[in-house]
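Step one of this worksheet: look at the structure below.
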Amino acid sequence: MTTAGEALMTGPGRVAPAGILVDDVSLTFDGSRPTPVLDRLRLEVRPREIVALIGPNGCGKSTLLRVIAGLLAPDEGSVSIDGRVVAAPDERVGLVFQEPRLLAWRSVEANVRFPLELAGWPRDRQRARVGELLDLMAILEVAAARPSTLSGGTAQRVAIARALALEPSVLLLDEPFTALDALTRERLNVELQALWERSAATIVLVTHSIPEAVFLADRVVVLSPRPAHVVADVPVPIERPRRLADLDSAFVSTVAAEVRSHLAGAAEGAA
Ligand SMILES: Nc1ncnc2c1ncn2[C@@H]1O[C@H](COP(=O)(O)OP(=O)(O)OP(=O)(O)O)[C@@H](O)[C@H]1O
Ligand SMILES: [Mg+2]
């Protein structure tokens, strides 16, 4: 017997983990004044890796995630997932925003089902998949609830369930836990690690929290102020599964200090 988590992305016929290549991507927003946002940004993420992106406010992190998801086309360079160029909103990618962005008039269950409806899944497969996801994210009890009645942590779980609905091989998380209180955030960090262990997902996580980045990621990639490029790539060679108690260790503090110094260096370089 497989658990819902095993069935999620690693069962027969399910997607394999995917690598991401952001190949010298540049992007400028046109407006009354052109705003260069990404500057020959290069990033490789191996299949099943968790990479945390950290960088100053407004440097282009959310823009980068939208480019990886195929929601925005770069001016130069390209993004490929498993060697296939991303040229349109890509079904292989699940995206979670800073706010849950749930549909207020739909129940939790109907929010999670929404991408399956859009993709034209047959009703019985929709029902089975939604059941798996509600179970996986521990939100079965709130299946019939409206989003406005949920706590922030539960709403964000629903958003993650929805992002996983189409069995993405790549999960992009844009500051998903920023609005949560510290304890809920830590709990969801632990849950995200557990989810990743049971899945085959490759994860890119944007965060402003150095401890969160170090707890979750295999590598912390530090971005420059806008226009963003990579200024440092800091490995986090800590065994998994990690425990929150690990965050107190001297080794983690050393990694965190290294990330902090790169961030400060990038900010000074731009000043
Ligand atoms: N659609 C758009 N049109 C014009 N400018 C935009 C657009 N989207 C973002 N920008 C600008 O691009 C820059 C980068 O924005 P982005 O949201 O990617 O930054 P960020 O690193 O995610 O910031 P934060 O840390 O605040 O989330 C900002 O100056 C922003 O104002
Ligand atoms: Mg952002």
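Based on other C-beta atoms within 10 Å, arrange Asp23, Asp181 from fewest to most.
Least crowded to most crowded, the residues run Asp181, Asp23.
Take the Cα radius of gyration of the chain and divide it by 2.2 N^0.38 Å, with N its residue count; two decimals is plenty.
So the chain has a normalised radius of gyration of 1.00.
Full-extension gain between Glu117 and Arg42, please, as 0.36 nm times their residue separation minus the C-alpha to C-alpha distance.
Additional length available on full extension: 23.5 nm.
Relative to the first principal axis of the alpha-carbon coordinates of the chain, what is the inclination of helix 250-270, with its axis defined by its Cα atoms, in degrees from 0 to 90 and to the nearest 10?
Value to nearest ten degrees: 60.
Hey, what's the Cα Rg ratio for region 207-271 versus the globular rule of thumb, 2.2 N^0.38 Å?
Taking N as the residue count of region 207-271, the ratio is 1.14.
I need to check one value: relative contact order of the chain, counting alpha carbon pairs closer than 8 Å and at least 6 residues apart, in percent.
In percent, rounded to a whole number, it is 27.
Taking 2.2 N^0.38 Å as the expected size of a compact globular protein, what ratio does the Cα radius of gyration of region 102-167 give against it, to two decimals?
Taking the Cα Rg and dividing by 2.2 N^0.38 Å, one obtains 0.98.
Sort Ile238, Ile50 so that the residue with the fewest other Cβ atoms within 10 Å of its own Cβ comes first and the one with the most comes last.
Listing Ile238, Ile50 from fewest to most nearby Cβ atoms yields Ile238, Ile50.
What is the gain in length, in nm to one decimal, between Ala264 and Ser26 on full extension, counting 0.36 nm per residue of separation less the C-alpha to C-alpha distance?
Length gained, Ala264 through Ser26: 83.3 nm.
Tabulate in residue order the Karplus-calculated ³J(HN,Hα) for region 166-177, using 6.51 cos²θ - 1.76 cosθ + 1.60 with θ = phi - 60°, rounded to whole Hz; enter x for Gly and Pro.
8, 6, x, 8, 10, 10, 10, 10, 9, 6, x, 10
Short version: ³J(HN,Hα) in whole Hz for each residue of region 109-115, in order, from phi by Karplus 6.51 cos²θ - 1.76 cosθ + 1.60 (θ = phi - 60°), x for Gly and Pro, what are they?
Coupling constants for region 109-115: 4, 6, 5, 5, 6, 3, x Hz.
Around Val206, which amide H atoms from residues at least 5 apart in sequence, or from another chain, sit under 5 Å from its own amide H, with H modelled in the peptide plane?
HN-HN under 5 Å from Val206: Leu53, Leu173, Asp174, Glu175.
What angle, in degrees between 0 and 90 and rounded to the nearest 10, separates the Cα long axis of helix 152-164 from the longest principal axis of the Cα atoms of the chain?
80
FYI, it's all coordinate maths here, none of it is from the lab. The structure presented is a predicted model; accordingly, all values stated were derived computationally and were not measured. As a convention, Cβ positions derive from the backbone with ideal geometry for all residues, glycine included, and neighbour counts pool all protein chains shown.
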